[in-house]
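Colleague: I have a structure here, written as C-alpha cells, and I will follow up with some questions on it.
The values are calculated or read from the model by the stated rules, or taken from the named source; none is laboratory data. Note that the coordinates shown come from a computational prediction; the quantities given were computed from them, not determined experimentally. Cβ coordinates were reconstructed from backbone atoms using ideal geometry, including for glycine residues, and neighbour counts include every protein chain displayed.
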Amino acid sequence: MNAAADLATAPYEAPAGLAGVSVARTEVSDVLGRLGFYHYRGYNAVDIARRGRVEDAWYLLMRGELPTAEQREEFARDIAALRELPAGVAELLPAIARLSPPGSLASLRTAVSATAQAMGCQPWTDQSDAETAQQAIRLSAIMPVLAAQLFRLASGQDVVQPRADLGYSDNYLYMITGTVPDERSRYAVERYLMLTIDHGFNNSTFTSRVIASSGADLGAVVSGALGALSGPFHGGAPARVFDMLDAIGAPDNAEPWLRKAIERGDKLMGFGHRIYKTVDPRSQLLHEVARELRSQRVEFAELVEQTAVRLLAELKPGRELYANVEFYAGVVLEAAGLPREMFTATFACSRIIGWMANVLEQIDDNRIFRPLAHYDGPAAPREFPACWQPGQP
Ligand SMILES: CC(C)(COP(=O)(O)OP(=O)(O)OC[C@H]1O[C@@H](n2cnc3c(N)ncnc32)[C@H](O)[C@@H]1OP(=O)(O)O)[C@@H](O)C(=O)NCCC(=O)NCCS
C-alpha cells in the first residue's frame, strides 16, 4: 500500500478556522462584514431590534416572514404556554444546580439534555418533521426557564415560576430577579436578545448544524451548541469584559494595562471579529442603549473602548480590530438588573432560536458533514514495534 498513491484525490485544504470558506447554504441570516451589516432573512437585524419584540424576530426565523400584529399575539401566546417544564425535570434541577456556580453553561447544557429526554426527543430521522419543529420551539421557550431556575437554585434562592401573561423579556427578568422589570430594563434586555438571535455561520450555529446533520435529536444539538457557545472566544466573552474593566480599575490605568496585555499576546475580550472588519453594528446599538440607561460603567467602558481601538491599531496594524457585540453587552445587561454570571446564559436563550432555525433548514436538505483532515503524523503504514505485545483479540 502506498499512501502517496492517494494523492490523485488530494483534497482542497481549507484555511485554519475555515476562515472565508462557505460550508452551507442558508436563508436564515447573513453578515456582511466589510459593510458592518447583518440581516435576518433579508431584513436589517438592527432595525428589527430597534423596533420590534423578541417574538417578531423569533417568528421571522421560524416561519419565514415577519408577523402581522395578530400573528405576533398568537405566537406570543403559543410560546408562553410552552414554558412549562416537562414532567420529571423540575426535580432534577436542584441537583444539577449544585454541581457548578450560578450561571454555569455546563449546568444549563446538562439540564437541556435532560429536558429533551423528558420531552421524548428522538433522532429527527425517527420522528416527523412536524414533531421536530414543535420540539425546536418548545426547547427555545424552555431554555430561559432552565437558565433562570438553575441560577436561582445555585445562588440559594427559591425558583420563580414563569408567567404566561408576561412577554418573553419581562418573563425572563422576572424569573431571575423575582420582580416584573421596569420598562427601561425590559427594553434594554430585549434589544440585546433580539440582536443576538442569529448571526450567520458562527461557531455554535455551525456546531448545531454539524450535530443535526448526523440525524441526532435536538437535545444533542442544543447541548453541543451550548458547549461551543460557552468558550471565551465566542459567548463566554461578556463576563470576561467585566473582569477586564475591573482589572483596569481606573481611567489612568487603561492605557498601560491594555498596552501590556496586547504586547503580552493576550486577546482583549470584547474586541475583534472573524467577519466584521469595521464597527460591529450590534455593539453600536448596545452602546446607545447603555447610554440611555445611564449605566454607571458606560463612561469608563467608552474610555476603555477608545483606548483599546487606538492601541490595537498601533500594535496590531492592519488587523482592523474594533469592539464586538460582547463589549457593551455586559454594560447593558448589568444596568438592566442581570447579574454578571448570567450574561452567557442570556446569550444562549436568544441564540437557541437561531440554532433551531438553522437546524430545521439543515434537516430540510441534509447531507452529513464529514470533511477531511490533513494527516500530518508519521508516514503510514508503520512497522509495529518489536516491544508491542498485543493481548488476545
Ligand atoms: C473573535 C475572535 C475569536 C476572532 O478570531 P479570528 O478571526 O481567528 O482572529 P485571529 O485570532 O486570527 O486574529 C487576527 C489577528 O488579530 C489579533 N487579535 C484578534 N482579536 C484580538 C483581540 N481581541 N485582542 C488582541 N488582538 C486580537 C490576533 O492576535 C491576530 O494577530 P496576529 O496577526 O499578530 O497573529 C478574536 O478576535 C478574539 O478572540 N476576540 C476576543 C474574544 C471575544 O471578544 N469574543 C467574542 C466574539 S463576538
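Colleague: Test each condition in (1) more than 30 Å from Pro181 (Cβ to Cβ); (2) more than 9 Å from the ligand (Cβ to nearest atom); (3) among the aliphatic types (A, V, I, L, M) for Leu303 and report the one that comes out false.
Modeller: Of (1) more than 30 Å from Pro181 (Cβ to Cβ); (2) more than 9 Å from the ligand (Cβ to nearest atom); (3) among the aliphatic types (A, V, I, L, M), only one is false for Leu303: (1).
Colleague: What are the residue pairs meeting all of these: first residue in the stretch 259-275, first residue within 14 Å of Ala308 (Cα to Cα) and in contact (Cβ under 8 Å) with a residue 12 or more places away in the chain, second residue of a type in the set (S, T, N, Q) and within 8 Å of the ligand (Cβ to nearest atom), Cβ atoms under 7 Å, and 6 or more apart or on different chains?
Modeller: Sorted first by the residue in the stretch 259-275, then by its partner, the pairs are Gly270/Asn324; Phe271/Asn324; Gly272/Asn324.
Colleague: Looking at (1) within 10 Å of the ligand (Cβ to nearest atom); (2) over 16 Å from Tyr322 (Cα atoms), which one does Leu268 not meet, given that it meets all the others?
Modeller: Among (1) within 10 Å of the ligand (Cβ to nearest atom); (2) over 16 Å from Tyr322 (Cα atoms), the lone unmet condition for Leu268 is (2).
Colleague: Here are some conditions: (1) out of contact with any strand residue (DSSP E or B) (no Cβ under 6 Å at 6 or more places or on another chain); (2) within 30 Å of Asp47 (Cβ to Cβ); (3) of a type in the set (A, V, I, L, M, F, W, C). Ile275 meets all but one. Which one does it not meet?
Modeller: Among (1) out of contact with any strand residue (DSSP E or B) (no Cβ under 6 Å at 6 or more places or on another chain); (2) within 30 Å of Asp47 (Cβ to Cβ); (3) of a type in the set (A, V, I, L, M, F, W, C), Ile275 violates only (1).
Colleague: Given the residues Gly231, Gly178, which is the only one that is more than 16 Å from the ligand (Cβ to nearest atom) and surrounded by fewer than 22 Cβ atoms within 10 Å (Cβ to Cβ)? Walk me through how you get there before you give the answer.
Modeller: On the way: Gly231 fails: more than 16 Å from the ligand (Cβ to nearest atom).
None of the other options fit; the residue is Gly178.
Colleague: Shifting gears a bit: Return only the number of the condition from (1) more than 16 Å from the ligand (Cβ to nearest atom); (2) among the charged types (D, E, K, R); (3) without any contact (Cβ under 8 Å) to a residue 40 or more places away in the chain that Glu341 does not satisfy.
Modeller: Exception for Glu341: condition (3).
Colleague: Checking the conditions here, which among Leu338, Leu315, Leu360, Leu321 is at pLDDT 95 or above, of a type outside the set (Val, Ile, Thr) and in contact with a Gly (Cβ under 8 Å, 6 or more places away or on another chain)? Before you say what the answer is, go through the steps one by one.
Modeller: On the way: Leu338 fails: in contact with a Gly (Cβ under 8 Å, 6 or more places away or on another chain); Leu315 fails: in contact with a Gly (Cβ under 8 Å, 6 or more places away or on another chain); Leu360 fails: in contact with a Gly (Cβ under 8 Å, 6 or more places away or on another chain).
Leu321 is the lone residue from the list that is at pLDDT 95 or above, of a type outside the set (Val, Ile, Thr) and in contact with a Gly (Cβ under 8 Å, 6 or more places away or on another chain).
Colleague: So, restricting to helices (runs of 4 or more DSSP H) that lie completely within the stretch 22-112, which ones have at least 2 residues that are among the basic types (Lys, Arg) and modelled with pLDDT of 95 or more? It would help to see each step written out before you state the result.
Modeller: Details: elements: 45-51, 54-63, 69-81, 89-97.
Passing ranges, in order: 45-51, 69-81.
Colleague: Still on this model: Going through the stretch 291-305 one residue at a time, which ones are among the aliphatic types (A, V, I, L, M) and closer than 15 Å to Met244 by Cβ?
Modeller: Ala301, Leu303, Val304
Colleague: Let me ask you something else. Just one of (1) over 23 Å from Trp58 (Cβ atoms); (2) buried (at least 24 other Cβ atoms within 10 Å of the Cβ); (3) away from the ligand (no atom under 16 Å from the Cβ); (4) of a type outside the set (Val, Ile, Thr) trips up Ser214, so point out which.
Modeller: (2)
Colleague: Could you list, ordered by first residue, the pairs with Cβ atoms under 9 Å in which the first is in the stretch 22-36 and surrounded by fewer than 18 Cβ atoms within 10 Å (Cβ to Cβ) and the second is of a type in the set (Lys, Arg) and assigned to a loop (DSSP other than H, G, I, E, B), at least 6 apart or interchain?
Modeller: Glu27/Arg41; Gly33/Arg274; Gly33/Lys277; Arg34/Lys277
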